[in-house]
Amino acid sequence: MNSVVVGIDLGGTNVKTAVVARNGRMRGKDSRPSRADDGLDAVVDTMVASVEQALENAGADPSDMLAVGVGAPGPMNWRTGIVFSPPNLPGWKDVPLADIMSELLMVPAYVDNDANVACWGEFWSGAGTEVDSMVCLTLGTGVGGGIVVDGRLVRGIDGTAAEIGHLNVMRDGRQCNCGAKGCLECYASVSGMERTALEGIEAGRPTILTEMCGGDLDKIDGKMISDALQKGDEFAAWVMTETGIWLGTGIGSLINLLNPEMVVLCGGMIAAGEALFRPVRETAQAQSFDVPGARAQIVPAGLGPDSGVIGAAGCALQRFEEEN
């Protein structure tokens, strides 16, 4: 087998691993619980076991590996591979993750922000393969982001660039976990969508969601809203539209700022299809200049749930080739 690169998508819930060829094609993969609550050593053991299984599934040997890339939740120093204190990995503090993985797997290892690697995955092997400049938004509990300009990831001097979820879209708006108010992710993420639904129900809006949650509004989640939407609930449709408008507002500003050829949306929310994309596109175009607004395609991820794991491999390959 030709030389391959391994990508790891590290999350607080799961570890996903892929063996990827130099052309971006996935050869084999593995997914398993990350065991985050058991501490650093348990997570590292899980990552190593996942790499070994992914290699076996790909019909590859450890000697075939060129490098390993890890997409990890921030904050971190991407140059040194030190992960500081990610909120969904309890007990982690200034962990030299790149050095640890390199020593255990005996190949160069690189660590980068999970949203950055998802962006690179889409640029390298997904929706953005035909463009030179793009923006990627990862839509989950929060909103992550990545930016590619002229074929290069934009990381910033401290490695904290592209925190798109913390664009301010509402003065004195909802309180964000980052400490600021009115951040985009307070409105355009899954948790933001849930909050929009809760506020609407508390204001007296009729919806089948109250019946679906058994009267316990704290049980309302993104899937329940999506299910209500599929059943024709007008309120759920309104919630999705509101979420799309907020997302489109942020994207409109990004289009004016960066003039990208493409904006790629990743994450489970994109399963809503046109119910989400229609208000996003309409609002983004209305909130941006005519020429860049018309140019920027707003599209779903081409790699589906594999953007991050393929992107982690792609980032590692790029950095390995630059160093060698």
Looking for something within 26 Å of residue 292 (Cβ to Cβ), of a type outside the set (Val, Ile, Thr) and out of contact with any Leu (no Cβ under 6 Å at 6 or more places or on another chain) - is there at least one such residue anywhere in segment 209-217? no
Residues of segment 80-99 being surrounded by 14 or more Cβ atoms within 10 Å (Cβ to Cβ), among the hydrophobic types (A, V, I, L, M, F, W, C) and part of a loop (DSSP other than H, G, I, E, B), which ones? 89, 92
With the structure loaded, tell me whether residue 63 is surrounded by fewer than 18 Cβ atoms within 10 Å (Cβ to Cβ) and assigned to a strand (DSSP E or B) or whether it fails that test. no
Verdict on residue 264 being within 19 Å of residue 142 (Cβ to Cβ), assigned by TED's automatic domain parsing to the domain that holds residue 223 and more than 17 Å from the chain's Cα centre (by Cα): no
Could you tell me whether residue 251 is out of contact with any Lys or Arg (no Cβ under 8 Å at 6 or more places or on another chain), closer than 24 Å to residue 161 by Cα and in contact (Cβ under 8 Å) with a residue 12 or more places away in the chain? yes
Segment 268-324: number of residues that are in contact with a strand residue (DSSP E or B) (Cβ under 8 Å, 6 or more places away or on another chain), of a type in the set (S, T, N, Q) and either in a helix (DSSP H, G or I) or closer than 15 Å to residue 188 by Cβ (or both): 1
Of everything in segment 19-58, what is part of a strand (DSSP E or B), of a type outside the set (Val, Ile, Thr) and farther than 18 Å from residue 73 by Cα? Give them in sequence order. 21, 26, 27, 28, 29, 30
Residue that is in contact (Cβ under 8 Å) with a residue 60 or more places away in the chain and among the charged types (D, E, K, R), where the choices are 132, 221: 132
Looking at (1) within 24 Å of residue 253 (Cβ to Cβ); (2) buried (at least 16 other Cβ atoms within 10 Å of the Cβ), which one does residue 180 not meet, given that it meets all the others? (2)
So which residues in segment 135-146 are within 22 Å of residue 26 (Cβ to Cβ) and surrounded by fewer than 24 Cβ atoms within 10 Å (Cβ to Cβ), if there are any at all? 140
Only one of these conditions is not met by residue 313: (1) farther than 16 Å from residue 244 by Cβ; (2) in the same structural domain as residue 193 (by TED's automatic domain parsing); (3) not aromatic (Phe, Trp, Tyr). Which number is it? (2)
Selection count where residues are in contact (Cβ under 8 Å) with a residue 24 or more places away in the chain and of a type in the set (Asp, Glu), scope segment 174-218: 2
For residue 229, work out the one condition from (1) under 20 Å from residue 143 (Cα atoms); (2) surrounded by 17 or more Cβ atoms within 10 Å (Cβ to Cβ) it doesn't fulfil. (1)
Enumeration of residues in segment 199-210 that are farther than 20 Å from residue 186 by Cβ, under 32 Å from the mean Cα position of the chain (by Cα) and surrounded by fewer than 17 Cβ atoms within 10 Å (Cβ to Cβ): 208, 210
How about segment 37-59: which of its residues are of a type in the set (A, V, I, L, M, F, W, C) and either closer than 17 Å to residue 92 by Cα or buried (at least 21 other Cβ atoms within 10 Å of the Cβ) (or both)? 40, 42, 43, 44, 47, 51, 54, 55, 58
For the structure I just gave you, tell me whether residue 102 is of a type in the set (S, T, N, Q), more than 22 Å from the chain's Cα centre (by Cα) and either modelled with pLDDT of 95 or more or buried (at least 18 other Cβ atoms within 10 Å of the Cβ) (or both). yes
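The values are calculated or read from the model by the stated rules, or taken from the named source; none is laboratory data. All values derive from a computational prediction rather than experimental measurement. Counting neighbours? That spans all protein chains shown, and the Cβs are built from the backbone with ideal geometry, glycine included.
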